[in-house]
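Novice: First the structure, then my questions, so here it is.
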Amino acid sequence: MKRGIPVAWHGLNRMVTGWLVLLIVTFASGSINAETVSNDKTVNTDSGPTLLVMGDSLSAAYGIEREEGWVTLLAERLDGDAQVINASISGETTSGGLQRFTEVIGQRQPDIVLLELGGNDGLRGLAPNQMQANLASMIEQSQESGAEVLLLGIDIPPNYGQAYRDAFTGVFHSLADEYDIPLVPFLLENIALEKNLMQSDGIHPTADAQPIILDNVWPALEPLLEPHYQAEFN
């Protein structure tokens, strides 16, 4: 598994101030939008798997209509063959996610957990080892409950320095190796450097980018879904 910085961020030099201002705004919105959302499709709950997306603004459809977000597009692609629960909150850190994770996983009892947290830890310059410990705890709780985990990685701007970026992105690879779970190394691959696919803040993807995010996730997610569908027909 390659451990380098995602190619899409090389050469990108955004101002740290802009990122931090948006972080504050996004974090403040979290207390308002802290809700668990399921898709509106009719699901055969006796056989279809339950997917839990635990993320931040990238999965909470920040700045766009919720139905345009990649998580809703995922539910539409599954077309009622699975239940998709979106427990993502804009501005969420791994610490915040961990604080509510036990309750969420206990209530929803997912078969697959898509863990998309860490971006706000990086933007705030928090210690990567603490971020790793928080994510590890959520992975362990998921596996202990019988759920499989898909880890969705992210990167931070070059302004934070190469050493910090290496430590930050290395967390995702280390966890994927340690817990033997699939990893999407960079959720915004083929998006982050395309101005027409990013909102004016330079952080959040547009509605047009959401199908690309889903396409980035799908190759790693599909193998996790297949055993559930095979069991349904056996």
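Novice: Residue check, residue 7 against (1) crowded, with 20+ Cβ neighbours inside 10 Å; (2) among the β-branched types (Val, Ile, Thr); (3) modelled with pLDDT under 50, all met but one. Which one?
Specialist: If we test residue 7 against (1) crowded, with 20+ Cβ neighbours inside 10 Å; (2) among the β-branched types (Val, Ile, Thr); (3) modelled with pLDDT under 50, just (1) comes out false.
Novice: Given the conditions (1) part of a helix (DSSP H, G or I); (2) within 25 Å of residue 205 (Cβ to Cβ); (3) of a type in the set (Gly, Ala, Ser), and given that residue 91 satisfies all but one, which numbered condition is not satisfied?
Specialist: (1)
Novice: Which condition from (1) out of contact with any Gly (no Cβ under 9 Å at 6 or more places or on another chain); (2) over 25 Å from residue 74 (Cα atoms); (3) of a type outside the set (Phe, Trp, Tyr) is the one that residue 208 breaks?
Specialist: The single condition residue 208 does not satisfy is (2).
Novice: With the requirement that a residue be of a type in the set (Ser, Thr, Tyr), farther than 18 Å from residue 122 by Cα and surrounded by fewer than 22 Cβ atoms within 10 Å (Cβ to Cβ), what does region 139-185 give you?
Specialist: 145, 179
Novice: Return yes when residue 202 is out of contact with any Gly (no Cβ under 6 Å at 6 or more places or on another chain) and buried (at least 21 other Cβ atoms within 10 Å of the Cβ) and no when it is not.
Specialist: no
Novice: Looking at (1) among the aliphatic types (A, V, I, L, M); (2) in a helix (DSSP H, G or I); (3) more than 30 Å from residue 167 (Cα to Cα), find the lone condition where residue 85 falls short.
Specialist: It fails just one condition, (2).
Novice: Quick one: in region 37-69, of everything that is modelled with pLDDT under 90 and of a type in the set (Gly, Ala, Ser), which residue is surrounded by the fewest Cβ atoms within 10 Å (Cβ to Cβ)?
Specialist: The residue in question is 47.
Novice: Residues being crowded, with 20+ Cβ neighbours inside 10 Å and either in contact (Cβ under 8 Å) with a residue 60 or more places away in the chain or of a type in the set (S, T, N, Q) (or both): count how many of those fall in region 76-105.
Specialist: Qualifying residue count for the region: 9.
Novice: Within region 94-110, can you find the residues that are over 12 Å from residue 138 (Cβ atoms), assigned to a helix (DSSP H, G or I) and among the polar types (S, T, N, Q)?
Specialist: Result: 107, single match.
Novice: Quick one: which residue in 90, 137, 95 is modelled with pLDDT of 95 or more and either β-branched (Val, Ile, Thr) or under 21 Å from residue 70 (Cβ atoms) (or both)?
Specialist: Just a single option satisfies the conditions, and that option is 90.
Novice: What are the pairs with Cβ atoms under 9 angstrom where one residue, in region 137-163, is touching a residue at least 24 places away in the same chain (Cβ under 8 Å) and assigned to a helix (DSSP H, G or I) and the other, located anywhere, is surrounded by fewer than 18 Cβ atoms within 10 Å (Cβ to Cβ) and hydrophobic (A, V, I, L, M, F, W, C)? Sequence gap at least six, or different chains.
Specialist: Correct list of pairs: 158/12; 159/15; 159/16; 160/16.
Novice: Consider residue 108 against the criteria (1) in contact (Cβ under 8 Å) with a residue 60 or more places away in the chain; (2) within 15 Å of residue 155 (Cα to Cα): it satisfies all of them except one. Which criterion is unmet?
Specialist: Condition not satisfied by residue 108: (2).
The values are calculated or read from the model by the stated rules, or taken from the named source; none is laboratory data. Everything numeric in this text was worked out from a predicted model, so none of it was measured. Cβ: placed from backbone, ideal geometry, glycine included. Neighbour counts: every protein chain shown.
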